[in-house]
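**Student:** Please find one structure pasted underneath; my questions will follow.
The values are calculated or read from the model by the stated rules, or taken from the named source; none is laboratory data. Here the structure is a predicted model, which means the values were calculated and not measured. Here the Cβ positions follow ideal geometry from the backbone for every residue, glycine too, while neighbour counts run over all protein chains shown. With ligands, DNA and RNA removed, areas are computed over all heavy atoms of the protein, side chains included. Shrake-Rupley method; radii C 1.70, N 1.55, O 1.52, S 1.80 Å.
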Amino acid sequence: MIHEPREVWQAELEATAGYERRQELNERWFRSKDPAAFEEFKQWTKSVRWPAELALWQKVNDWYASQLQAMSPRRRTSVPQVAVRCREKGCLLARVYCFALHGGGSRIYFVGRTSSGKPKHGVCNWAFADSFDGLTRWWQVGCKHGHTRLDSADLVDLAVPPALPSSEFLDMSPERVPAGPAESLAPESETVPDEYRLAWRAKIYLPPHDRWIPRAGPQC
């Protein structure tokens with residue numbers, strides 16, 4: 001269990017309020033079909049909501065980064081997590097941690113790197129963020145053998161243990177609450193290749209073939 005400080009959950013409440021305002025503007029434009037209403041909605045999202053929520057999200061990300069840094073290696077390995085590895089040589093591309101929250105639910109935290117070695121980290125199930133104006137949906141990861149991109153929603157499904165529901169903010173519909181990592185990514189278990197059966201059992205995720213882009217040219 002992890003206790004988020006007041007400023008962390010307060011930041012999420014503020015982001016929730018921002019989402020409600022966005023919905024209000026969106027519905028006003030949808031009902032009126034007035035181009036001016038749509039422009040108001042677009043400008044408010046771009047100039048007000050997006051910068052404010054990005055700042056809040058980064059504050060929460062920094063807090064979780066400090067929590068990981070303060071943990072001993074042994075304690076860090078005790079946190080439920082999934083290792084994302086490359087398809088070629090098994091290079092470690094990212095780790096996805098599942099922090100159980102004291103007040104219920106969980107926080108999914110991503111730590112990875114790109115092919116150039118640039119670090120990436122952040123909370124995947126953050127308030128009501130969405131693909132229209134919501135923070136990071138796709139995480140670019142890679143190594144010298146290739147690269148891929150990971151969907152935040154897939155990472156949430158993959159990282160949450162079966163008995164631990166994810167944050168109520170992201171997974172509100174029944175179909176988004178998986179029975180387990182294998183079921184969430186491949187409902188028809190008879191079609192799952194043996195390599196994926198072993199990977200799920202070991203809490204290792206190999207990006208699918210159709211999402212993995214090998215690096216061109218000679219490789220070490």
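**Student:** What fraction of the Cα pairs in region 14-143, stated in percent, has a spacing above 18 angstrom?
**Tutor:** That tail contains 62 percent of the Cα-Cα pairs.
**Student:** Here's a follow-up. So which chymotrypsin sites (Phe, Trp or Tyr not before Pro) in region 35-137 are both in a DSSP loop and have at most 13 other Cβ atoms within 10 Å of their Cβ?
**Tutor:** Hits after loop and neighbour filter: Phe132.
**Student:** Oh, and also: How do Tyr19, Tyr205 rank by accessible surface area computed with a 1.4 Å probe, from largest to smallest?
**Tutor:** Tyr19, Tyr205
**Student:** Below 12 angstrom from the Cβ of Gly122, what's the summed charge of the other residues (Lys, Arg +1; Asp, Glu -1)?
**Tutor:** +3
**Student:** What number comes out for accessible area per residue over region 4-145 if the probe is 1.4 Å? Units Å², please.
**Tutor:** Accessible surface, normalised per residue, equals 53 Å².
**Student:** Given a 1.4 Å probe and every protein chain left where it sits, what share in percent of the accessible area of region 1-129 is carbon and sulfur?
**Tutor:** Numbers: 3740 of 7000 Å².
Carbon-and-sulfur percentage of accessible area, whole number: 53.
**Student:** Setting aside same-chain residues fewer than 8 positions from Lys89, which lysines have a Cα under 29 Å from its Cα?
**Tutor:** Counting by Cα, and skipping residues close in sequence, Lys89 has these lysines nearby: Lys118, Lys120, Lys144, Lys203.
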